Amino acid sequence: MPASRLSGPFRPRLEALESRENPATWVTWDLAPSEITTDSGNKTRDTTLTYVADYSTAPSVTPTARSYTITNGRVISVTPDSTDSTIFYVDIAPKTGGRAPVTVTSFVNSGWTSGGPASSTETISFFRNENQIPRTATGSNPKGILPSSVTTLSNLVFTFPSDINRTTVSTGDFLVTGGSITLIAPTAGDNRTISLDLTITATGGAAKVSITLRPGAIEDTYGNTFKPAPALRWTKDDVAPTASLSIASGTGEVGKFVTVDVAFSETITNFKADMISISQGDTTIVPRVSGSRAGWSFRFRVPTTGAITITLNTSGTVGTTLVGDRSGNALSTSSSLGVTGFIAS
């Protein structure tokens, strides 16, 4: 009789194919009890995850790192349970910090070493990622130098790249200079922003005001912390500028020039020539003005003999704006000068 197709050297191979098509072994994956878990999935802040591979029957070949296919991660060890031959502890680490998701697939089934269909697949939602940096926004609030009229800043926003654990948030999570903050109740469903109001207490001509997130203060829902966000910074200026006049050259000789320097206590943004008042009796003398933010000066020719008074108008306006500094503080005081015109003998 002719030999059967299922006998001879081909039979084991066919049996292996049948086993491959109908694998008798299945495996379940769970995080080890020591891992952090949440109701929405398997999540952890640990750099290394320990998963428990629980097979329905003991594999005939002990699983190794090659027995698992990992995306964005790697198996660093496989340890059998000391009392149960169906359980193996698989330690997994990400290839690069913070990459997610990490997909783990088992390719070990009873009776053969590898290459079979996946008997179980697990996706790890998150590894440790503490390199995330929140963003900041001031909304419609002014930036830079704050005028004296500004005493509060409202709805300053810190936006996080992943959901935060609201139970870890408090005003103490922020370093505040020159003021105090109040947290605004979040909008329902908003798990990525913290909004706050700032009350400014700083005073002075260049008082610093800032808000900075403390490193490691706020956690996301996986237990990761964040790097500090870029600080929100301002300078509060509620000190009015002053001006002083000094004669740089000239003596008052009729027909000759007198040059006067103007020194301000801080930068003036809208200095104009019509601030200068020069009079000799009932006569107004019009000067030539030059300068910039670095300094101003003006000069005039002495028309005749007699007392000349030189002042700056500290209550005048340029258009509808009082002459003042960049914060809107009006020029408060100025020195005055007197020159007497004379004819050289």
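Quick look at the values:
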read-out: Full-extension gain in nm, L175 to V157, via 0.36 nm per residue minus C-alpha separation; value: 5.0 nm
read-out: Three-way shape call for region 176-310 based on the alpha-carbon gyration tensor, with the a/c threshold at 1.5; value: prolate
read-out: Percentage of interatomic Cα-Cα distances in region 222-269 larger than 18 Å; value: 64
read-out: Proximal lysines relative to K227, as straight alpha-carbon distance under 22 Å, when same-chain residues fewer than 8 apart are discounted; value: K43, K95
read-out: Distant-in-sequence amide H partners of F174 (H built 1.01 Å from N, under 5 Å); value: R214
read-out: Those lysines that a straight Cα-Cα span of less than 16 Å connects to K143, excepting residues fewer than 8 apart in one chain; value: K208, K236
read-out: Cut-off under 5 Å, modelled amide H: who pairs with G341 long-range; value: G306, A307, I308
read-out: Amide H partners (placed H, <5 Å) of S279, local residues excluded; value: I285, T309
read-out: Calculated FRET value between S140 and T167, using beta carbons and R₀ = 30 Å, to 0.05; value: 0.50
read-out: Cα-based Kirkwood hydrodynamic radius, region 135-236, one decimal, Å; value: 14.1
read-out: Radius ratio Rg over Rh of region 242-341, counting only Cα atoms, Kirkwood formula for Rh; value: 0.98
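Read-outs: derived from the displayed coordinates by stated rules, not from any lab. Note that this is a predicted model, so its numbers are computed, not measured. All Cβ positions, even for glycine, are placed from backbone atoms using ideal geometry, and neighbour counts span all protein chains on display.
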